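Peer 1: Okay, handing you the structure first.
The values are calculated or read from the model by the stated rules, or taken from the named source; none is laboratory data. Fair warning: this is a prediction, and the values are worked out from it, not measured in the lab. Neighbour counts run over all protein chains shown; Cβ positions are idealised from the backbone, glycine included.
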Amino acid sequence: MSYYYKYDFTTPEVVYSTVKEELKSYFDTGAVDDLMFPTYLDKCLRKLGRATYVITEQVLIVEDFEARLPDNFYAVREAWFCTSVNGYPYQSANSFYSQAASQNTIQVNPVTIGGNPCDGNCASPTCPKCMPTDFVQAVYKTNNTVAVSYTKEYLLKPGNISARRNCGVGYTDSWNFVEGAAPLNQFTPGSSTYDSFDIRDNKFVTNFRNGIVHLVFYATEYDGGGNQMIPDNYRIREYIEAFIKYKVFETLSNQLNDETFQQIMQKLTYYKQMSEEAFIMADIEIKKQDVYAKQRRIKNDLNRFNMYELPGRVNSYGWRRNN
């Protein structure tokens with residue numbers, strides 16, 4: 001299992017507002033607008049790499065060699081093949097809200113109780129027309145429990161699986177032969193290994209018909225206004241702000257305005273240089289190790305020569321495994 005640092009993500013509205021306020025004379029006159037800001041933001045995040053995307057997890061149920069990917073899927077980080085085991089049940093994340101404590105279904109309009117229409121004179125205590133005026137209908141919340149658990153077995157490898165949608169699966173009959181009698185690629189035509197996976201048509205495609213996959217992936221998250229979330233990091237936010245300013249003056253250089261072409265080009269050159277410097281600082285910030293990563297690197301350096309130690313040596317006093 002790999003280790004990774006998860007950023008706190010925030011909305012880019014603060015960066016957008018800063019750019020529009022500092023360059024308000026250009027926005028007030030209508031020379032430029034914020035229509036291309038989401039596109040510029042996407043360019044910044046793609047240039048910085050996948051470290052600027054949200055890392056999340058989800059369980060995929062593979063049926064007939066494929067499973068549908070989440071809507072916010074961007075790229076795969078880890079894909080674990082899992083097997084089901086007997087374990088404790090867990091509570092479902094979905095809740096069901098109802099105004100009836102019984103299992104009977106109440107139709108609101110027209111009102112029916114147990115499938116029969118209500119005329120206001122029925123004897124059912126749950127009929128809204130026959131209820132007292134001071135009666136308050138309660139709301140019940142129900143959470144189901146799911147008795148399913150799984151364990152991670154091994155990592156799946158990225159591979160190029162055959163792109164034919166209606167290909168036959170008769171090659172799986174090779175499992176009836178003696179193991180090792182046929183080459184491995186005979187079991188998985190068009191793929192690199194038997195435990196490989198492929199991404200196509202917003203589907204996670206595998207070489208096993210049914211199973212469970214624990215997917216750790218990079219996702220694109222959006223705020224309430226439809227803006228893509230950005231890492232709440234000072235260097236990354238500074239780079240996004242500088243890049244947007246540079247693109248604003250690049251747009252102004254292709255339009256007619258009150259300033260001379262030389263003035264616009266000087267500002268364009270200045271903000272382009274600032275954008276490139278901010279990118280270098282943001283790239284260095286992403287590659288920095290946190291405290292836990294430094295601890296793991298120190299342990300790996302201390303233990304990298306342990307494999308060469310003789311198992312039966314007598315002068316091993318003072319030697320220990322540096323864990």
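Peer 1: For segment 38-49, does any single residue satisfy the condition of being within 25 Å of residue 259 (Cβ to Cβ) and basic (Lys, Arg)?
Peer 2: no
Peer 1: Which one is farthest from residue 52 (Cα to Cα), of the residues in segment 275-289 that are of a type in the set (D, E, K, R) and surrounded by fewer than 11 Cβ atoms within 10 Å (Cβ to Cβ)?
Peer 2: Step by step, filter segment 275-289, then rank; the result is 288.
Peer 1: Within the bounds of segment 215-232, is there any residue that is farther than 30 Å from residue 57 by Cβ, within 30 Å of the chain's Cα centre (by Cα) and in contact (Cβ under 8 Å) with a residue 60 or more places away in the chain?
Peer 2: Looking through segment 215-232, none of the residues is farther than 30 Å from residue 57 by Cβ, within 30 Å of the chain's Cα centre (by Cα) and in contact (Cβ under 8 Å) with a residue 60 or more places away in the chain.
Peer 1: Out of (1) within 17 Å of residue 251 (Cα to Cα); (2) surrounded by fewer than 16 Cβ atoms within 10 Å (Cβ to Cβ); (3) without any contact (Cβ under 8 Å) to a residue 40 or more places away in the chain, what's the single condition that is false for residue 17?
Peer 2: The failed condition is (1).
Peer 1: Tell me the residue from 10, 18, 39 that is polar (S, T, N, Q) and within 23 Å of residue 284 (Cα to Cα), please.
Peer 2: None of the other options fit; the residue is 10.
Peer 1: Any residue at all in segment 75-86 that is modelled with pLDDT of 90 or more, over 14 Å from residue 222 (Cβ atoms), out of contact with any Cys (no Cβ under 9 Å at 6 or more places or on another chain) and hydroxyl-bearing (Ser, Thr, Tyr)?
Peer 2: Checked segment 75-86: no residue is modelled with pLDDT of 90 or more, over 14 Å from residue 222 (Cβ atoms), out of contact with any Cys (no Cβ under 9 Å at 6 or more places or on another chain) and hydroxyl-bearing (Ser, Thr, Tyr).
Peer 1: Determine whether segment 101-113 contains at least one residue that is among the hydroxyl-bearing types (Ser, Thr, Tyr), surrounded by 13 or more Cβ atoms within 10 Å (Cβ to Cβ) and either modelled with pLDDT of 90 or more or part of a loop (DSSP other than H, G, I, E, B) (or both).
Peer 2: no
Peer 1: Would you point out which residue out of 66, 78 is in contact (Cβ under 8 Å) with a residue 24 or more places away in the chain, of a type outside the set (Ser, Thr, Tyr), surrounded by 12 or more Cβ atoms within 10 Å (Cβ to Cβ) and under 26 Å from residue 4 (Cβ atoms)?
Peer 2: 78
Peer 1: Okay, next question. Being at pLDDT 85 or above and buried (at least 18 other Cβ atoms within 10 Å of the Cβ), is that true of even one residue in segment 173-196?
Peer 2: no
Peer 1: Looking only at segment 264-304, which residues are of a type in the set (Asp, Glu) and part of a helix (DSSP H, G or I)? Don't jump to the end; show me each part of the working.
Peer 2: Start the filter on segment 264-304 by keeping residues that are of a type in the set (Asp, Glu), which leaves 276-277, 283, 285, 290, 301.
If the condition is that a residue be of a type in the set (Asp, Glu) and part of a helix (DSSP H, G or I), then 276, 277, 283, 285, 301 are the ones that fit.
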